[in-house]
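This report refers to the structure that appears directly beneath it.
The values are calculated or read from the model by the stated rules, or taken from the named source; none is laboratory data. For clarity, every value in this text was computed on a predicted model and none was experimentally measured. In this analysis, Cβ positions are derived from the backbone assuming ideal geometry, glycine residues included, and neighbour counts consider all displayed protein chains.
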Amino acid sequence: MSEEKKDFNYIVRVLNTDLDGNKPVSHALLKIHGVGFMLSNAICHSANIDKRKKTGYITENDVRRLEEVLRSPLQFGLPVWLLNRRHDVESGENKHLIGADLKFQTENDIKMLKKIRSYRGIRHTLGLPVRGQKTKSNFRDKRAKKASLGVQRKKVATSAPKVEAGAKKK
């Protein structure tokens, strides 16, 4: 038992992301930005790592294999539909972006939509929902704060001060 605890790492670093060593490998990979459930299972299968094995027990060689598969999934036989950047607008190639690269590319895509003044770009600029959702009851925080929902009551006018019953007018 002590030898097993010796080899156990509570935090495993994969592609600049800290993974929890107590979780299974397939669940821990979900912490990496750009890796979903299906992709994490496919990566574990391609790298020949048991997906139910705790992340803290994987070796340095396993970590290197995981990083290789994550960097170039097509070379390891993963299908194209698993990638998050198919038919890239600029280059036309299929690739998978992870981490800061994915965030940077998403920001650039939104800037391009705003620049070409497409419908989606205009919706992004105005802070409205982009994908066709209704706006009558939702997205109130994105819209102007003036437009409040519900019925407003009239303010009660303050009446003149009442005269006490004991005091008489002369």
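Hey, can you tell me all the residues within the range 47-65 that are surrounded by 15 or more Cβ atoms within 10 Å (Cβ to Cβ) and either part of a helix (DSSP H, G or I) or hydroxyl-bearing (Ser, Thr, Tyr) (or both)?
Within the range 47-65, the first condition is being surrounded by 15 or more Cβ atoms within 10 Å (Cβ to Cβ), and the residues that meet it are 47, 49, 51, 54-58, 62-63, 65.
Those that are surrounded by 15 or more Cβ atoms within 10 Å (Cβ to Cβ) and either part of a helix (DSSP H, G or I) or hydroxyl-bearing (Ser, Thr, Tyr) (or both): Thr55, Gly56, Tyr57, Asp62, Val63, Arg65.
Within the range 100-144, being of a type in the set (Ser, Thr, Tyr) and either more than 28 Å from Lys31 (Cα to Cα) or assigned by TED's automatic domain parsing to the domain that holds Ile32 (or both) holds for Ser118, Tyr119, Thr125, Thr135, Ser137. If I filter the range 5-20 down to residues being within 14 Å of Thr59 (Cα to Cα) and surrounded by 17 or more Cβ atoms within 10 Å (Cβ to Cβ), which single residue comes out as farthest from the chain's Cα centre (by Cα)? The residue in question is Val12. Annotation note: Cβ proximity below 6 Å between a residue of the range 55-67 that is without any contact (Cβ under 8 Å) to a residue 24 or more places away in the chain and a residue that is surrounded by 19 or more Cβ atoms within 10 Å (Cβ to Cβ) (sequence gap 6+ or interchain) occurs for Asp62/Ile49; Arg65/Ala47.
Being more than 30 Å from Met112 (Cβ to Cβ) and among the hydrophobic types (A, V, I, L, M, F, W, C) narrows it down to one of Ile58, Ile32, so name that one. Explain how you work it out, then say what you get.
Numbers: Ile32 fails: more than 30 Å from Met112 (Cβ to Cβ).
After applying the criteria, what remains is Ile58.
Could you tell me whether the range 58-81 includes any residue that is more than 30 Å from Glu107 (Cβ to Cβ) and in contact with a strand residue (DSSP E or B) (Cβ under 8 Å, 6 or more places away or on another chain)? Among the residues of the range 58-81, at least one is more than 30 Å from Glu107 (Cβ to Cβ) and in contact with a strand residue (DSSP E or B) (Cβ under 8 Å, 6 or more places away or on another chain), which makes the answer yes. If you check Lys31 against the conditions, is it of a type outside the set (A, V, I, L, M) and closer than 24 Å to Asp101 by Cβ? Judged against the criteria, Lys31 is a match. For the range 93-110, the candidate set comprises residues that are free of Cβ contacts under 8 Å to residues at least 40 places away in the same chain and assigned to a loop (DSSP other than H, G, I, E, B); within that set, the residue that is farthest from the chain's Cα centre (by Cα) is Glu93. For the range 13-46, the tally of residues that are outside any helix (DSSP H, G or I) and either of a type in the set (D, E, K, R) or touching a residue at least 24 places away in the same chain (Cβ under 8 Å) (or both) stands at 16.
Does His96 satisfy the criteria of being over 30 Å from Asp50 (Cα atoms) and either surrounded by 12 or more Cβ atoms within 10 Å (Cβ to Cβ) or of a type outside the set (D, E, K, R) (or both)? Don't jump to the end; show me each part of the working.
Working: over 30 Å from Asp50 (Cα atoms): no; either surrounded by 12 or more Cβ atoms within 10 Å (Cβ to Cβ) or of a type outside the set (D, E, K, R) (or both): yes.
So His96 fails the test.
The set of residues in the range 28-46 being surrounded by fewer than 17 Cβ atoms within 10 Å (Cβ to Cβ), farther than 17 Å from Leu74 by Cα and of a type outside the set (Lys, Arg) consists of Leu30, His33, Phe37.
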